[in-house]
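**Student:** Sharing a structure with you now.
The values are calculated or read from the model by the stated rules, or taken from the named source; none is laboratory data. Because the structure is predicted, anything quoted here is derived from the model rather than measured. Positions of Cβ are generated from backbone atoms using ideal geometry, with glycine treated the same way; all protein chains shown enter the neighbour counts. Each accessible area value is taken on the protein alone, full model and side chains, heavy atoms only, with ligands, DNA and RNA left out. Shrake-Rupley method; radii C 1.70, N 1.55, O 1.52, S 1.80 Å.
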Amino acid sequence: MGDYTGAIDERTQALLAEQARNVGEMLVKRADADPHRVAFRYPDAREAWQDLTWQQTKEYAFDLAAAMLSVGLQSEDRVAIASTTRVEWILADLAIMCAGGATTTIYPTTQSDDVNYILADSGSRIAFVENAEQLAKLHEHPEIFDELLAVILLDGDSPESRVHSWQAFRQLGKEHRAAHPDLVDQVIADVAPDRLSTLIYTSGTTGRPKGVRLDHHAWTYQGRAIELMELATVEDVQYLWLPLSHVFGKCLLSIQLQIGFTTAVDGRIEKIVDGLGAIKPTFMAGAPRIFEKVRARVMVGNAAGLKSKIARWAFSVGKRSIPYRLENRSLPAALGVQYRIADKLVFSKLKDRLGGNLRFMVSGSAKLSRQVQEWFYAAGIVIVEGYGMTETSAVICVNHPNTPRLGTVGPPLLGSEFKIAEDGELLVKGPGVTRGYHNLPELTDETIIDGWLHTGDIGQLDDDGYLRVTDRKKDLIKTSGGKYVAPQKVEGTLVANCPYVSQAVATGDDRKYIAALVVLDPDAIKGWAESHDGGKLKDLDYGELARHPEVTAMVQRYVDSANARLERWETVKRFVVLDHELSVDEGAITPSMKVRRSMVEGTYSDLIESMHDKEEV
């Protein structure tokens, strides 16, 4: 083995021991401690923000838990949730925890065959579905639907006897609680820390989704470990839009239960800017693509004229300030004056668009380009990067916003350990690590060896134990010249350097050089067409712009700029601009926005061959 970091001594064990036994107990303790504090804010049908206190949240969860128990839910029975991110998702999840069940997560975009595969593989007994569209997916497989004890519609109603409306199901729970007032408390008391809590089906980059088993202790550990970091306080306000079917979104709930801050919930991505303005959160988590899009919008908006010159000057000042601010040193007098002017003219406007109160943002689920991270930091906006996977109940390490180390994903959480194997693979161990895969004992034995989870990621540890993750082990490209290339690095550099590029896929395994499939951002390229050369291309549609030689020439200039930041063997020699976006529906990307490389390489094999069938330029 190579580098190693992390230790679990007696002090660490004592600190981590101060946690709830299970998620239901976390909710009860929080409601008892802060009954009248706002737990959640959410938009109603009229787009007005409503509040739920911790006591109201507990009562809602207990009602739904009692309803599930009344229809026959047993200990560790799985309960599926197929919905977008909304407050009802959270209430259903908390209720499942309080009823002693285990949440099975299903992306609302999942196709019906995979939905029913997950229901069958998990053995789910109850399903919460968002609307008639999700309900229809269950009906396509009556042999599975007929095994469900109940189906609860978050929106709408149904005449079917086992399909309940949201309010009717809650009323059923109220009545059951009236007859058995201590039932839910008794169930919570009986849930051991090692009891199954969540079965998260990874979207996977190949094959069928696989269920990752996470126990209650994984979530209570997450909450306590982040609390000990002092990453957030009870006074913080979080804006949550991430998919709760994904482990990144789900882990934020356990952290909130432990610390007690308020969370505003709205999964509609198109409403994020409006929501930030209304809520004015102090922190928000997101995937790198969100931060890339914000940066691209600003860069495109400041692409010409006096505004462009001022923005470039401001960010050059911000970049010069970075070393001082990272080391918590005062800026030299002249630079300090310049930075204050830059903040007033440019940076403050960007901060206002993000609500005006952000202390920090957290990036996870994929690698964040250091160039993007430094751009935000130059403007005085801290993005801390963390690392984790479904198998580690999300966060296994994260930087602290007061002492970020850009380009790293931080040190391990208290109580977790890292090793770097001989081949560079990152191995992790800790209370948040899965016990294994559902119904897949052989895969479990291959992945978890002697208690160490083999992540499949290539990692490096610095002298202080901060981790850098370079790429997926299986995704590394080996050129015909014997050079290894991390495709995420190439792709991230392309996207970071060109505000008109939204997606990129690098290819080149066993080839002479690296090439790339490039996807344009529809809104950004439309804006470019309207302003380019008097707007002569403004009437072209997206596909026509993607194929236009002047667009290709523009992208080439940005590719050349990106290549200047890469090693010689990493540079992109050829590229093709696709005339459509890579989508979940076509199977090119997962719901968590990870590229399914084998699928992309198969679908676009002719284009890839055309980029590689010539001599190296």
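**Student:** How far apart, in nm, are two points set 7 Å out from the Cα along the Cα-to-Cβ line at Arg268 and at Lys344?
**Tutor:** 3.8
**Student:** Let me ask something additional. Out of the stretch 87-193, which GluC sites (Glu not before Pro) are coil in DSSP terms and have no more than 14 other C-beta atoms within 10 Å?
**Tutor:** When the GluC sites (Glu not before Pro) of the stretch 87-193 are filtered for loop state and at most 14 Cβ neighbours within 10 Å, Glu140, Glu147, Glu160 remain.
**Student:** In terms of the Cα gyration tensor, with a ≥ b ≥ c the square roots of its eigenvalues, is the stretch 10-79 rounded because a/c is under 1.5, prolate because a/b exceeds b/c, or oblate?
**Tutor:** Because a/c hits 1.5 or more and a/b fails to exceed b/c, the stretch 10-79 counts as oblate.
**Student:** Okay, moving on. Using only the Cα atoms of the stretch 512-617, construct the convex hull and provide its projected area averaged over every direction, in square nanometres to one decimal.
**Tutor:** In nm², the orientation-averaged hull projection of the stretch 512-617 is 7.8.
**Student:** If you average the alpha carbon positions of the stretch 84-123 and of the stretch 410-443, how far apart do those two centres end up, in angstrom?
**Tutor:** Rounded to whole Å, the Cα centres lie 25 Å apart.
**Student:** If you take every residue apart from Thr84 with its C-beta less than 15 Å away from the C-beta of Thr84, what net charge results, scoring Lys and Arg +1 and Asp and Glu -1?
**Tutor:** -2
**Student:** State which stretch of the chain is the longest one without any exposed trypsin sites (Lys or Arg not before Pro), exposure meaning a DSSP loop state and at most 11 other Cβ atoms within 10 Å. Don't skip to the end; give the middle numbers.
**Tutor:** Numbers: sites that count: Arg46, Arg329, Lys536, Lys614.
By the stated rule (loop sites, at most 11 other Cβ atoms within 10 Å), 47-328.
**Student:** Taking the stretch 552-604, which GluC sites (Glu not before Pro) meet the DSSP loop condition and have no more than 16 other C-beta atoms within 10 Å?
**Tutor:** Glu567, Glu581, Glu586
**Student:** Moving to a separate point now. Counting only C-alpha contacts under 8 Å and six or more residues apart, can you give the relative contact order of the stretch 361-512 as a whole percent?
**Tutor:** 17
**Student:** Moving on to the next point. Using a cut-off of under 15 Å, list every residue of the stretch 96-113 whose amide N is near the label point 7 Å from the Cα of Asp155 along the Cα-to-beta-carbon line.
**Tutor:** 108-109
**Student:** Where does each of His216, His532, His612 land when they are ordered by accessible area, with a 1.4 Å probe and the largest first?
**Tutor:** The most accessible residue leads, giving His532, His612, His216.
**Student:** Net charge within 13 Å of Lys536 by Cβ-Cβ distance, Lys/Arg positive one each and Asp/Glu negative one each, not counting Lys536 itself? It would help to have the intermediate numbers written out before the result.
**Tutor:** Working: positive: Lys538; negative: Glu530, Asp533, Asp539, Glu544, Glu550.
Computed value for this residue: -4.
**Student:** Using a 1.4 angstrom probe on the protein heavy atoms only, line up Tyr117, Tyr107 by accessible area, largest first.
**Tutor:** Ranked list, largest accessible area first: Tyr117, Tyr107.
**Student:** Next question, about the same structure. Residue farthest toward the positive end of the dipole of the stretch 11-83, with Cβ of Lys/Arg at +1 and Asp/Glu at -1: which of Ala48, Val28, Gln13?
**Tutor:** Checking the options against the dipole of the stretch 11-83, the answer is Gln13.
**Student:** Further question: Would you work out which of Gly72, Gly100, Ala39 lies farthest towards the positive end of the dipole of the chain? Charges go on Cβ: Lys and Arg +1, Asp and Glu -1.
**Tutor:** Selected residue: Ala39.
**Student:** What figure in square angstrom, to the nearest 10, would you give for the accessible area of Trp313 with a 1.4 Å probe?
**Tutor:** Per-residue accessible area (Trp313): approximately 90 Å².
**Student:** Oh, and also: Give Lys250/Lys538; Lys250/Lys293; Lys137/Lys474; Lys293/Lys474 a once-over and call out the pairs whose C-alpha atoms are over 31 Å from each other.
**Tutor:** From Lys250/Lys538; Lys250/Lys293; Lys137/Lys474; Lys293/Lys474, over 31 Å: Lys250/Lys538; Lys137/Lys474.
**Student:** Hey, another quick one. With the full set of protein chains in place, find how many percent of the accessible area of the stretch 9-127 is carbon and sulfur; take the probe as 1.4 Å.
**Tutor:** 46
**Student:** Would you mind telling me the antiparallel percentage of the DSSP bridges in the chain, rounded to 5? Present the calculation step by step, with values, prior to reporting the outcome.
**Tutor:** On the way: 43 of 82 bridges.
So the antiparallel bridges in the chain amount to around 50 percent.
**Student:** If only Cα atoms are counted, what is the Rg of the stretch 231-363, and what is its Dmax, in Å?
**Tutor:** Just the Cα atoms of the stretch 231-363 yield Rg and Dmax of 16.8, 49 Å.
**Student:** Further question: Just to make sure I understand: if all protein chains stay in place, what is the order of Asp352, Asp121 by accessible area at 1.4 Å, largest first?
**Tutor:** Per-residue accessible area, sorted high to low, gives Asp352, Asp121.
**Student:** Mind checking which of Gly456, Val505, Leu467 is farthest towards the positive end of the stretch 423-544's charge dipole, using Cβ charges of +1 (Lys, Arg) and -1 (Asp, Glu) about the Cα centre?
**Tutor:** Val505
**Student:** What does the accessible area of Asp585 come to, in Å² to the nearest 10, when a probe of 1.4 Å is used?
**Tutor:** Accessible area of Asp585: about 130 Å².
**Student:** Rounded, prolate or oblate, given the Cα gyration tensor of the stretch 436-527, with a/c below 1.5 counting as rounded?
**Tutor:** prolate
**Student:** Might you work out the accessible area of Ile458 for me, using a 1.4 Å probe with all protein chains in place, and round it to the nearest 10 Å²?
**Tutor:** Estimated to the nearest 10 Å², Ile458 gives 30 Å².
**Student:** With every protein chain kept in place and ligands, DNA and RNA left out, what is the accessible area per residue of the chain? Probe 1.4 Å, answer in Å².
**Tutor:** 42
**Student:** Please give the calculated 222 nm ellipticity per residue for the chain, where each DSSP H segment of at least 4 residues contributes -39500 (n - 2.57) and the sum is spread over every residue; nearest 500 deg cm²/dmol?
**Tutor:** Value at 222 nm, helices only, nearest 500: -12000 deg cm²/dmol.
**Student:** Let me ask you something else. Ignoring ligands, DNA and RNA, please state the percent of accessible area on the stretch 458-604 from carbon and sulfur, probe 1.4 Å.
**Tutor:** Ligands and nucleic acids excluded, carbon and sulfur give 46 percent.
**Student:** Mind checking the dipole of the stretch 233-313: about its Cα centre, +1 per Lys or Arg Cβ, -1 per Asp or Glu Cβ, Debye to the nearest 20?
**Tutor:** 520
**Student:** Antiparallel DSSP bridges in the stretch 1-126: what percent, to the nearest 5? Could the numbers behind the result be given before it?
**Tutor:** Numbers: 5 of 11 bridges.
Counting only bridges with both partners in the stretch 1-126, antiparallel ones make up about 45 percent.
**Student:** Could you work out how much longer the chain between Glu230 and Arg329 gets when fully extended? Use 0.36 nm per residue separation minus the Cα distance between them, nm to one decimal.
**Tutor:** 33.4 nm
**Student:** Taking Cα pairs under 8 Å and at least six residues apart, what relative contact order does the chain come out at, in percent? Don't skip to the end; give the middle numbers.
**Tutor:** Values: 1208 pairs, mean separation 77.0, N = 617.
Worked out over the chain, it gives 12 percent.
**Student:** Quick one, which of (1) 51, 26, 25; (2) 40, 28, 26; (3) 48, 25, 24 is the actual semi-axes √(5λ) of the Cα gyration tensor in Å calculated for this model?
**Tutor:** (2)
**Student:** All other residues with a Cβ under 11 Å from the Cβ of Gly436 taken together, and with Lys, Arg as +1 and Asp, Glu as -1, what is their net charge?
**Tutor:** -2
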